[in-house]
Amino acid sequence: MQTRGTICHHSKLVFHNGFIGKKYLILINTPSKNEPYLFLKTTSQKKDKSTTSGCIKKYSLFFIPAGKTFFPKDTWVQLYEIYEFSPQDINTNKEISIVASLDHRTIEAIVNCLFEAEEDNIVPVHKKLLRPPLQDSMLKLREKFNKDR
């Protein structure tokens, strides 16, 4: 099972505008068996983007400098579009491959930035998957420890 912070490469992602392209995606939730996988896409196209490390709330971006993580180039996480995939999509899609993962601190900073910049635009079901109630978190933790024994 993939966990929050997993970096995937999608060789034929259908963007929200209908275009198709290669993209790195970052998993922003840890889905249980039947829950959707939520991803943010990344770009290394600078254009007029700020290179201030971390959260760029004004533009709904999170900047990761080159070489600080898996990404060899300066990379911006685009917070304004969440991509949702079903477990079936993830398990059967040959275009998606796992390439790396972010450290805990970085993925938490990205999700916190997402809420700062886009909270009013995040659908309630996604909010619950990203920041589940404490009880759900405890159940998932217990489930994980039981599997590991």
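Every number here is computed from the coordinates shown, using simple stated rules; none is lab data. None of the values given here were measured: they were computed from a predicted structure. So basically every Cβ, Gly included, is an ideal-geometry build from the backbone, and we count neighbours across all protein chains shown.
Output wanted: per-residue J couplings in Hz (rounded whole) for region 83-99, from phi through Karplus 6.51 cos²θ - 1.76 cosθ + 1.60, θ = phi - 60°, x for Gly and Pro.
3J(HN,Hα) across region 83-99, in whole Hz: 9, 10, 10, 7, x, 5, 4, 5, 6, 10, 7, 6, 7, 9, 9, 7, 10.
Who wins for biggest fluctuation among ILE26, ILE122, ILE82 in a Gaussian network model of the chain, springs between alpha carbons below 10 Å?
So, out of ILE26, ILE122, ILE82, the one fluctuating most is ILE122.
From the cross-link list LYS41/LYS73; LYS46/LYS73; LYS12/LYS127; LYS23/LYS94; LYS12/LYS33, which pairs have alpha carbons spaced over 18 Å apart?
LYS12/LYS127; LYS12/LYS33
List, in order, the whole-Hz ³J(HN,Hα) value for each residue of region 103-113 obtained from phi through the Karplus relation with A = 6.51, B = -1.76, C = 1.60 and θ = phi - 60°; use x for Gly and Pro.
Once θ is set to phi - 60°, the couplings for region 103-113 become 6, 4, 4, 5, 5, 5, 5, 5, 5, 4, 5 Hz.
Would you tally the net charge around GLU95, using a Cβ to Cβ cut-off of less than 15 Å, leaving GLU95 out, and scoring K and R as +1, D and E as -1?
Every neighbour counted, the sum reads +4.
How big is the charge dipole of the chain about its Cα centre, in debye rounded to the nearest 20, if each Lys and Arg gets +1 on its Cβ and each Asp and Glu gets -1 on its Cβ?
Charge dipole of the chain: 340 debye, to the nearest 20.
Using modelled backbone amide H atoms (1.01 Å from N, in-plane), which distant-in-sequence or interchain residues come within less than 5 Å of THR75's amide H?
ILE64, ALA66
When the scattering of the chain is computed by the Debye formula from its Cα atoms alone, each counted once and equally, what is log10 I(q)/I(0) at q = 0.16 Å⁻¹?
Debye intensities relative to I(0), on a log10 scale: -0.90.
Starting with the highest mean, order 4-12, 66-74 by the number of other Cβ atoms within 10 Å, averaged over the residues of each peptide.
Ranking, from highest mean packing down: 4-12, 66-74.
Set Lys and Arg Cβ to +1 and Asp and Glu Cβ to -1, take the dipole of the chain about its Cα centre, and tell me which of GLY5, ILE110, PRO31 lies farthest positive.
So the residue we want is GLY5.
Every cysteine in the chain with no other Cys Cβ under 4.7 Å from its Cβ, please list them in numeric order.
CYS8
Which ³J(HN,Hα) values in Hz, rounded to whole numbers, follow from the phi angles of region 65-79 under the Karplus curve 6.51 cos²θ - 1.76 cosθ + 1.60, where θ = phi - 60° and Gly and Pro get x?
Per residue, the Karplus-derived 3J(HN,Hα) values read x, 3, x, 7, 9, 4, 6, x, 10, 3, 9, 10, 8, 8, 7 Hz.
For ASN112, what is the net charge nearby, where nearby means another residue's Cβ is under 12 Å from its Cβ and Lys, Arg count +1, Asp, Glu -1?
-1
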